[in-house]
Amino acid sequence: MTQATLVLEDGTVLRGRAFGAVGETAGEIVFSTGMTGYQEVLTDPSYRGQIVVMTAPHIGNVGINREDDESSRPWLAGFVIRDPSPIVSNWRAAMPLDDYLRQNGIVAMADCPTRALVR
């Protein structure tokens, strides 16, 4: 397991594990409170260059498919989640979330206390 670190402008440091592409990224932290729709968030151009924190605890259970894209590619600079689903359970899924993030070079962090982060 590769450790991941999120450092905020005020000096707050949060630790988790690397998920998706491994590397470094920078951007404005924003959050999404939706219980569903993580694929739409990933491919929504309005999130360009931002690090998106998902506040719903479980992300990735339906995988990724091409029918739910908002655009042809992901736009965000980073993705932070609490509990990634190890199992994809949707018949439309073409790949797991982790594979999609890796293929598209999106640096992500899992096992992060996301709700505490957005308070």
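The antiparallel fraction among DSSP beta bridges confined to the chain stands at about 40%. How much FRET efficiency would the formula 1/(1 + (r/R0)^6) give for M1 and S85, where r is the Cβ-Cβ distance and R0 is 25 Å, rounded to 0.05? With a Förster radius of 25 Å, E is 0.90.
State which stretch of the chain is the longest one without any exposed GluC sites (Glu not before Pro), exposure meaning a DSSP loop state and at most 15 other Cβ atoms within 10 Å. Result, exposed sites excluded: 68-119.
The numbers here are math on the coordinates, done by the rules we state, and not lab data. Just so it is clear, the model here is predicted, and its values are computed rather than measured. In this analysis, Cβ positions are derived from the backbone assuming ideal geometry, glycine residues included, and neighbour counts consider all displayed protein chains.
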